[in-house]
Amino acid sequence: MLNKIFSLLSSLFLVLLTMVIIHSCANMASPTGGAYDVTPPVVKRSTPEFNALQSTPSRIEIEFDENIKIKTPSEKVLITPPQQSLPVIRSVGKKAIVELSDELLPNTTYTIDFTDAIVDNNEENPLENFVFSFSTGDQLDTLSVSGKVITAQELEPVTGIYVGIHSNFDDTVFTNVPFERISRTDSRGNFTIRGLAPGRYKVYALADLNRDYKYDSPQEAVAFLDSIIIPSTMPAVRQDTLFVDSLTVDTIMTIHYTRFLPDDLLLRSFLSDFQRQYLQKHERPAQHRINLYFAAPTTEPSFTLLQPEVTDSNWYVAERSAGNDTLMLWITDSLIYQQDSIKMKIDYMLTDTLNKNYITTDTLSFNIRRSARDRQDEKKEKKEKEDDENDEIPIQFLGIKTNVQSSFELFNPVRIEFDQPVVAFDSSYVKLSLEVDSLLEPVPFMFEADTLNPRKFTLRPRWEPGGKYMMSVDSATLFNHYGLWNNKYEQRFTVKPLDQYGNLEITISGIPVGKSAFVELMDKTDKPFRKNAVKGNVVRFQDLLPGEIYARIVIDENEDGKWNTGNYEEKRQPEEVFYYPGLLVIRAYSDHVEDWDIHATPVEKQKPLEITKNKPEEKKRRNPNQEREREQQSRQSSPFSGSGSGTGGGRSGGGTPRIQPN
């Protein structure tokens, strides 16, 4: 009997022990810590108060309901009117502290735009569009204007460029006087200039390199509006939607607010075509070549050889870039290139401290410096040649490069380039033949020598689609200036047939009457690869390779066939550019016809996102109901909310939500 009782108690103990162990294992996980925090910090109080009048603080403190951080304040926080001395902006616990160094202007509204710099300490939820304002006078200016800045040529949103206003319309104000009020664009190129008084203004954008808030360097990107703006307000209505969850709509609310105008300003930024000119570098990388590098496109320099002296200019062959910013002189006179040291007088364009260009004269030395090791190697080479006089020496040939491949594009010309300039080269040196019934028949072609590079030549035949060709150059027919001749060149290739290409025709509307224009086709990297002029509001492209392409049109004001930048001194805007707001898919052996109204889509929304380099940043997702609840609380507590009515010449009222103390 006792044994049974003991056995029963043992079994019961084992069961209880197992249950305890299982219960303990099930509760070994760490506490979850509650729901994920998605709420940004909330303002509790500030010193001075929001929108305080007759206030001249040198230190501003804003207290929140939780510990905060201020991310990259030097980039994100903007104080206007602009400060010449950098303010100290920092966070201490729950407080944001701003210490101003400049003396405050009388009767002026000051705004501190924190954008999204203030975040909570743990989850870094940003407090977006947070603005603090006060006035040193007896009234607060509350008007604002907004818009977007894009690059003039690529229509890319411009991030971090200053946008400012002037009420003085003199042409020299922008170049000599700091902005009266400023803003800075966000990642989408958007800006809002706040705290404006009623009046008339001109608006500018400036990539301010030296932070003096005025356009005093042609290296600064700039934009300006030709028109004068007048800030105003109007009552407006929008619909807000409350959600039960991310998919289910709970309530649609009608919200009355004040709209600040204009709110659709568009500025197109550009770099002036002015560039400082100077000689950047000169060198003699090889015995028979000297190079000159200039900092910017310039007029072609003139030069005279001083050492050794020459009586004519037949001692070199010049190769230059399109803007003359790179000049390469191939020395063809052996008496000159065998000299270790060459001296040359050169006259070239130089920019002075007042940004004026003048011709200056300089004397340059070009030396070939041989180290002791180089001299030893030369002696060793010479001795080896003498020892191997009877041995066969490999022949070094003149190098020839072409763009010819076994399968050749129908729209391509033949391009030929030599390693060094040749003494003579024309169409008689090249044989181009088409295979017809197993026989090669000569093909006529246009022959072009490059006007800038004496080593480059172009052949332009009329290709037979699908034709089989051969191009050849006989050996030892071409010589360079240094005694090398060519080896035999022969290349067979087939031109692609028509059924591997598509054609494109675009009918364009919206081009200003009497203006010329051209269309560029772009690849997936936004790089143009074909260009044709618009004729009779129609542009045609033939023999396009299948694939996905994009297009843009340039209004060619001066009819030079290229896009031209603007110039503020001449009050000249850059030439207008419009992007086709979509993708063009070219298919083989097909004709594609498109209609394009260049004004149907706003300019700032035309460029397809796929080829936009400055893509907008993705914002952190939050609960939509919490976002709307916070916005409603903000409107109810904000002294800026309302219909826009009030006294002070339109200085009260506003529609931009601002977080204010509870």
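Computed values, structure above
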quantity: Residue tally, condition part of a loop (DSSP other than H, G, I, E, B) and either over 19 Å from the mean Cα position of the chain (by Cα) or among the small types (Gly, Ala, Ser) (or both), over region 191-225; calculated: 15
quantity: Within region 174-190, considering residues that are assigned to a loop (DSSP other than H, G, I, E, B) and not polar (S, T, N, Q), the one surrounded by the most Cβ atoms within 10 Å (Cβ to Cβ); calculated: Gly189
quantity: Exclusive hit being surrounded by 13 or more Cβ atoms within 10 Å (Cβ to Cβ) and more than 22 Å from Arg540 (Cβ to Cβ), set Leu434, Leu504, Leu498, Leu410; calculated: Leu434
quantity: All positions within region 219-252 that are closer than 30 Å to Thr351 by Cβ and touching a strand residue (DSSP E or B) at 6+ places or on another chain (Cβ under 7 Å); calculated: Glu220, Ala221, Val222, Ala223, Phe224, Leu225
quantity: Matching residues in region 468-520 - criterion: being closer than 30 Å to Ile555 by Cα, of a type outside the set (Asp, Glu), outside any loop (DSSP other than H, G, I, E, B) and without any contact (Cβ under 8 Å) to a residue 40 or more places away in the chain; calculated: Ala517, Val519
quantity: For Val404: the one exception among (1) surrounded by 15 or more Cβ atoms within 10 Å (Cβ to Cβ); (2) touching a Pro at 6+ places or on another chain (Cβ under 9 Å); calculated: (2)
quantity: Test: residue in region 89-105 that is closer than 23 Å to Val42 by Cα, surrounded by fewer than 22 Cβ atoms within 10 Å (Cβ to Cβ) and among the hydroxyl-bearing types (Ser, Thr, Tyr); calculated: yes
quantity: Selected residue (only one of Asp113, Asp141 is in a loop (DSSP other than H, G, I, E, B), crowded, with 17+ Cβ neighbours inside 10 Å and touching a Lys or Arg at 6+ places or on another chain (Cβ under 8 Å)); calculated: Asp141
quantity: Flag for Glu123 being in a strand (DSSP E or B), surrounded by fewer than 18 Cβ atoms within 10 Å (Cβ to Cβ) and out of contact with any Leu (no Cβ under 9 Å at 6 or more places or on another chain); calculated: no
quantity: Of all residues making up region 239-287, the number that are over 36 Å from the mean Cα position of the chain (by Cα) and not assigned by TED's automatic domain parsing to the domain that holds Leu206; calculated: 2
quantity: Qualifying residue in region 562-583 (condition: touching a residue at least 40 places away in the same chain (Cβ under 8 Å), touching a Pro at 6+ places or on another chain (Cβ under 6 Å) and over 24 Å from Glu156 (Cα atoms)); calculated: no
quantity: Close pairs (9 angstrom Cβ cut-off, 6 or more residues apart or separate chains): on the phi > 0 side of the Ramachandran plot in region 601-616, acidic (Asp, Glu) anywhere; calculated: none
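The values are calculated or read from the model by the stated rules, or taken from the named source; none is laboratory data. This one's a predicted model, so the numbers in the text were calculated from it and none came from an experiment. Cβ coordinates were reconstructed from backbone atoms using ideal geometry, including for glycine residues, and neighbour counts include every protein chain displayed.
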